[in-house]
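Peer 1: The structure's right below; bear with me while I get my questions together.
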Amino acid sequence: MEGICGIIALQNREIDLKPRVQKMAEFLTDGEILDASCISGKGWALSAGGWQREGLKPVAFTMEDEHLKIAGVADLANIDELARQFGHASGDLGRIVVSLVKANPKHWAQQLRGSFAITVFDAKTGQFNAVIDRVGIRPLYWCVKNELFYFGSRLRTISSICPQLEIDYSMLYGYIHYSMIPSPLTIFKEVQKLEPGCLVKGQGGSVSKSRYWDMLADQKILESEQHIAQNLYEVVSDSLASALKRQNQACFLSGGTDSSAICGLMSKSYSKPVQAISIGFPENGYDEMHYARIAAKAFNLDHHEYYMQPDDILADISKISAAYDEPFDNSSVFPAYYCAKIARANGANYMLAGDGGDEIFAGNERYGAQQIFRNYFKIPSLLRKQGLEPILLDRLEKLPVPLFRKAASYIRRANLSEVERIFSYRYVADEDMFAPEFLEMIDRFRVFNVRESHFNRLENAENLDRHLYMDMKLTITDNDLRKVTRMCELAGVRVEYPYLDQNVIELGFRIPTALKLKGSKGLRYIFKRAFSDLLPDEILKKEKHGFGLPISQWFRKEPKIKEFAGDVLFDPRHLTRGYYKSGFLDKIWRLQLQDQTPYYGTIIYQMLMLELWHREHHDRQDALQTSPVFDKLAVM
């Protein structure tokens with residue numbers, strides 16, 4: 001991958017840190033050779049590494065002048081504008097950033113558009129700032145240890161030279177509930193992930209964090225629906241301006257509204273057929289290639305199709321699990337990786353992804369589901385509390401009538417807090433899954449306060465906007481971007497997210513919620529209206545799906561995958577971790593073999609990816625491939 005790392009001394013500024021940072025930089029790569037640079041002085045050392053190949057502009061840099069020392073990785077949409085402003089060539093990224101910092105030392109980050117992670121150190125004052133982009137496309141991990149400030153684009157740059165980092169067991173618990181570890185927390189107690197739109201500032205031996213940008217929902221647009229739809233179309237189109245200047249790029253194409261709209265807009269202005277990559281699956285209920293083909297035909301795309309097979313999982317699970325420095329269980333990493341790998345094989349240097357559209361414009365079924373629960377509170381309180389609830393919950397629920405039980409369940413869930421209800425779809429209780437001794441170590445408040453804090457940050461906003469805000473943090477930054485960006489890096493391509501352009505996000509959160517969600521069924525209403533002339537009717541009317549992987553079915557039906565998962569999970573190393581209640585694995589394994597829904601298989605996959613993370617990153621093995629399980633894979 002392309003990234004940065006470094007160490008800055010908070011107090012002792014005589015120490016030579018260059019050898020340590022050079023060691024850190026070795027852990028930026030996924031095995032490819034990076035064009036690396038390192039600058040250093042007394043009490044500081046910064047490094048950056050990036051890809052260097054024909055047709056790909058450098059985005060990783062180190063730069064220094066008399067006082068300022070900078071390491072950055074930045075793929076900026078407004079690089080030409082900044083270059084003209086400061087009189088530099090657009091390819092001279094380091095000098096542009098130096099000039100920007102000097103011209104506006106307090107607010108320089110606000111002037112950057114695109115993806116970036118940059119650390120600026122002033123050797124004269126000892127002050128430093130580390131900053132990432134508004135949505136966290138370029139991550140940055142950091143910690144303070146022994147009066148040294150460590151930072152790195154990958155967690156393993158830090159863990160490689162800080163061997164005594166302590167696992168945060170509350171975050172292992174959090175991983176099971178979130179499918180990842182949410183920012184600013186990490187798998188290690190001492191290390192943080194910098195949150196999107198935030199910066200870390202150090203001066204005089206102290207370190208503090210602040211926010212330079214965030215989403216706001218308090219200034220709604222008052223214009224007509226037609227005007228808003230036209231404005232939305234134009235802003236999304238403008239977000240593709242930098243992509244239209246490039247050659248050798250491809251689009252993810254699921255056949256949904258987001259990816260199809262990007263392909264459609266590109267095809268209107270691009271000089272040749274737009275390359276698009278789609279992944280299909282042989283299992284019923286998972287394959288959406290039909291819709292991808294509709295988009296490909298409508299926009300005359302250079303369409304590449306690939307149908308994933310169970311053997312693809314076995315071929316790449318070691319590489320993919322090793323690519324994540326923290327436990328991460330989104331199984332869509334596999335189709336994302338194969339899309340990027342196919343694009344790279346066909347000459348692409350960039351991919352365009354449709355992530356963010358659902359979370360900005362309310363395109364997921366969960367938003368409609370929550371609206372159904374909110375409708376309950378339109379019933380007068382007196383009727384609810386003294387009529388419906390006593391009758392249903394105290395009397396009718398006890399009768400063997402499914403309708404009464406369903407109605408009672410609806411009332412109970414409606415009366416949960418908004419955040420509790422959103423996350424109330426877990427059917428295995430903690431006490432059934434985890435060992436009592438493990439649960440005693442867990443700080444549940446710290447785990448669940450992350451989601452509460454996100455939801456409550458927009459104090460006066462409507463609940464839908466608060467839900468969208470929370471999902472932008474948890475679903476986009478901490479899940480989808482980690483999935484797509486990391487898999488593109490692993491495949492050797494960069495990725496751009498048009499819907500996550502600053503102007504698109506800010507416009508999206510100013511659109512009235514009634515135009516995003518019409519009732520409980522009218523998902524992303526205003527987006528569909530805006531793109532109704534561009535998108536085929538079948539795509540506008542289709543239900544939400546995406547690149548879902550039929551992993552639960554494969555655990556049940558595919559002998560090789562079933563055997564692999566069983567070998568890992570029933571290995572004594574896994575059984576003696578101490579996380580799970582005695583007998584839980586046997587029970588969940590049996591249930592997932594019997595149940596036709598994906599639920600229990602999803603838990604098996606969570607446990608599998610956690611164990612593979614342990615073997616690669618915590619057990620300090622050289623590689624997963626050296627374990628007996630992966631030796632066995634080689635001969636399958």
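The values are calculated or read from the model by the stated rules, or taken from the named source; none is laboratory data. All figures in this text were calculated on a predicted structure; none of them were measured in a lab. Reconstructed Cβ throughout: ideal geometry from the backbone, glycine too, with neighbour counts over all protein chains shown. What goes into the accessible areas is simple: the full protein's heavy atoms, side chains included, and nothing from ligands, DNA or RNA. Shrake-Rupley method; radii C 1.70, N 1.55, O 1.52, S 1.80 Å.
Peer 1: Would you confirm, using the coordinates I've provided, whether LEU517 is among the hydrophobic types (A, V, I, L, M, F, W, C) and without any contact (Cβ under 8 Å) to a residue 24 or more places away in the chain?
Peer 2: Answer is no for this residue.
Peer 1: Taking segment 43-63, which residues are closer than 23 Å to ALA89 by Cβ and either at pLDDT 95 or above or open to solvent by less than 30 Å² (accessible area, probe 1.4 Å) (or both)?
Peer 2: LEU46, ALA48, GLY49, GLY50, TRP51, LEU56, VAL59, ALA60, PHE61, THR62, MET63
Peer 1: For segment 64-115, name all the residues that are part of a helix (DSSP H, G or I) and closer than 22 Å to CYS38 by Cα.
Peer 2: Once the filter is applied, which keeps residues that are part of a helix (DSSP H, G or I) and closer than 22 Å to CYS38 by Cα, segment 64-115 yields LEU93, GLY94, ARG95, ILE96, VAL97, VAL98, SER99, LEU100, VAL101, LYS102.
Peer 1: Please indicate, with yes or no, whether at least one residue in segment 586-594 is at pLDDT 95 or above and assigned to a loop (DSSP other than H, G, I, E, B).
Peer 2: Looking through segment 586-594, none of the residues is at pLDDT 95 or above and assigned to a loop (DSSP other than H, G, I, E, B).
Peer 1: I would also like to ask the following. Does GLY31 count as open to solvent by 30 Å² or more (accessible area, probe 1.4 Å) and over 22 Å from SER206 (Cα atoms)?
Peer 2: The answer is yes for GLY31.
Peer 1: Return a yes/no flag: does segment 526-542 have any residue that is in a loop (DSSP other than H, G, I, E, B), among the aromatic types (Phe, Trp, Tyr) and closer than 29 Å to ALA336 by Cα.
Peer 2: There is at least one residue in segment 526-542 that is in a loop (DSSP other than H, G, I, E, B), among the aromatic types (Phe, Trp, Tyr) and closer than 29 Å to ALA336 by Cα.
Peer 1: Let me ask you something else. Could you please give the count of residues in segment 146-160 that are outside any helix (DSSP H, G or I) and surrounded by 19 or more Cβ atoms within 10 Å (Cβ to Cβ)?
Peer 2: Final tally of qualifying residues: 7.
Peer 1: Just the residues that are over 20 Å from LEU481 (Cα atoms) and open to solvent by less than 10 Å² (accessible area, probe 1.4 Å), please, taken from segment 192-201.
Peer 2: Within segment 192-201, just VAL200 meets the criteria.
Peer 1: Related question: Which helices (runs of 4 or more DSSP H) does segment 363-482 wholly contain that include 2 or more residues that are more than 30 Å from the chain's Cα centre (by Cα) and modelled with pLDDT of 90 or more?
Peer 2: Filter on segment 363-482 gives 436-440.
Peer 1: Against the definition (at negative phi and not in a helix (DSSP H, G or I)), how does GLU563 come out, yes or no?
Peer 2: no
Peer 1: Something else about it: Tell me which of these ASN129 doesn't satisfy, since it passes every other one: (1) part of a loop (DSSP other than H, G, I, E, B); (2) in contact (Cβ under 8 Å) with a residue 40 or more places away in the chain; (3) out of contact with any His (no Cβ under 7 Å at 6 or more places or on another chain); (4) not acidic (Asp, Glu).
Peer 2: Evaluating ASN129 over (1) part of a loop (DSSP other than H, G, I, E, B); (2) in contact (Cβ under 8 Å) with a residue 40 or more places away in the chain; (3) out of contact with any His (no Cβ under 7 Å at 6 or more places or on another chain); (4) not acidic (Asp, Glu) leaves (1) as the failure.
Peer 1: Looking at segment 202-215, which of the residues that are open to solvent by 60 Å² or more (accessible area, probe 1.4 Å) and modelled with pLDDT of 95 or more is nearest to ASP471 (Cα to Cα)? Don't jump to the end; show me each part of the working.
Peer 2: Going residue by residue through segment 202-215, those that are open to solvent by 60 Å² or more (accessible area, probe 1.4 Å) are 203-204, 206, 208-209, 211.
In the following step, the residues that additionally are modelled with pLDDT of 95 or more were identified as 208-209, 211.
On the way: SER208: 26, LYS209: 22, ARG211: 18 Å.
Only one residue tops the list, namely ARG211.
Peer 1: What number of residues within segment 15-46 are within 20 Å of ASN129 (Cα to Cα) and not hydrophobic (A, V, I, L, M, F, W, C)?
Peer 2: 6
Each row is one residue, and each column tells you yes or no for (1) over 23 Å from GLU225 (Cβ atoms); (2) of a type in the set (D, E, K, R); (3) out of contact with any strand residue (DSSP E or B) (no Cβ under 7 Å at 6 or more places or on another chain); (4) open to solvent by 20 Å² or more (accessible area, probe 1.4 Å).
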residue: ARG426; (1), (2), (3), (4): yes, yes, yes, yes
residue: ILE476; (1), (2), (3), (4): yes, no, yes, no
residue: ARG482; (1), (2), (3), (4): yes, yes, yes, yes
residue: ASP501; (1), (2), (3), (4): no, yes, yes, yes
residue: ILE511; (1), (2), (3), (4): no, no, yes, no
residue: ARG524; (1), (2), (3), (4): no, yes, yes, no
residue: LYS528; (1), (2), (3), (4): no, yes, yes, yes
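Peer 1: Identify, by number, the condition in (1) open to solvent by less than 50 Å² (accessible area, probe 1.4 Å); (2) modelled with pLDDT of 85 or more that PHE547 doesn't meet.
Peer 2: (2)
Peer 1: Among the residues that make up segment 438-456, is at least one of them surrounded by 13 or more Cβ atoms within 10 Å (Cβ to Cβ) and in contact with a Pro (Cβ under 8 Å, 6 or more places away or on another chain)?
Peer 2: Yes.
Peer 1: Quick one: in segment 218-248, which of the residues that are closer than 29 Å to ASN456 by Cβ and out of contact with any helix residue (DSSP H, G or I) (no Cβ under 7 Å at 6 or more places or on another chain) is most open to solvent (accessible area, probe 1.4 Å)?
Peer 2: Going through the qualifying residues, I end up with LEU222.
Peer 1: Now for a separate question. Taking segment 269-282, which residues are in contact (Cβ under 8 Å) with a residue 40 or more places away in the chain and either open to solvent by 30 Å² or more (accessible area, probe 1.4 Å) or more than 13 Å from PRO335 (Cβ to Cβ) (or both)?
Peer 2: GLN275
Peer 1: May I ask you to list pairs of residues, at least six apart or on different chains, whose Cβ atoms are under 8 Å apart, with the first in segment 150-163 being in contact (Cβ under 8 Å) with a residue 24 or more places away in the chain and of a type in the set (Phe, Trp, Tyr) and the second being surrounded by fewer than 24 Cβ atoms within 10 Å (Cβ to Cβ) and assigned to a loop (DSSP other than H, G, I, E, B)?
Peer 2: Filtered contacts from segment 150-163: TYR150/ILE161; TYR150/CYS162.
Peer 1: Can you spot a residue in segment 93-109 that is open to solvent by 20 Å² or more (accessible area, probe 1.4 Å) and touching a Ser or Thr at 6+ places or on another chain (Cβ under 9 Å)?
Peer 2: no
Peer 1: Okay, next question. Exactly one condition in (1) in contact (Cβ under 8 Å) with a residue 60 or more places away in the chain; (2) surrounded by fewer than 21 Cβ atoms within 10 Å (Cβ to Cβ) is not met by ALA295; state its number.
Peer 2: (2)
Peer 1: Check LEU155, LEU140 and return the single one that is closer than 30 Å to ALA435 by Cβ and in contact with a strand residue (DSSP E or B) (Cβ under 7 Å, 6 or more places away or on another chain).
Peer 2: LEU155
Peer 1: Name the pairs whose Cβ atoms lie under 6 Å apart, with the first residue in segment 338-355 and within 8 Å of PHE252 (Cα to Cα), the second open to solvent by 30 Å² or more (accessible area, probe 1.4 Å), and 6 or more positions between them or separate chains?
Peer 2: Pairs found: LEU352/GLU496.
Peer 1: Does at least one position in segment 2-25 carry a residue that is in a loop (DSSP other than H, G, I, E, B), closer than 14 Å to GLU489 by Cα and open to solvent by less than 70 Å² (accessible area, probe 1.4 Å)?
Peer 2: Checked against the condition, which is being in a loop (DSSP other than H, G, I, E, B), closer than 14 Å to GLU489 by Cα and open to solvent by less than 70 Å² (accessible area, probe 1.4 Å), segment 2-25 yields at least one hit.
Peer 1: For segment 484-507, what are the residues that are in a helix (DSSP H, G or I) and closer than 12 Å to GLY356 by Cβ?
Peer 2: VAL484, PRO498, TYR499, LEU500, GLN502, VAL504, ILE505
Peer 1: Test SER40 against the criterion of being in contact with a helix residue (DSSP H, G or I) (Cβ under 7 Å, 6 or more places away or on another chain), closer than 16 Å to GLY152 by Cα, at pLDDT 95 or above and open to solvent by 40 Å² or more (accessible area, probe 1.4 Å), and give yes or no.
Peer 2: Details: in contact with a helix residue (DSSP H, G or I) (Cβ under 7 Å, 6 or more places away or on another chain): yes; closer than 16 Å to GLY152 by Cα: yes; at pLDDT 95 or above: yes; open to solvent by 40 Å² or more (accessible area, probe 1.4 Å): yes.
Yes: the conditions hold for SER40.
Peer 1: Which residues, counting only those in segment 307-317, are more than 13 Å from TYR337 (Cα to Cα) and assigned to a helix (DSSP H, G or I)?
Peer 2: Across segment 307-317, the qualifying residues are PRO310, ASP311, LEU314.
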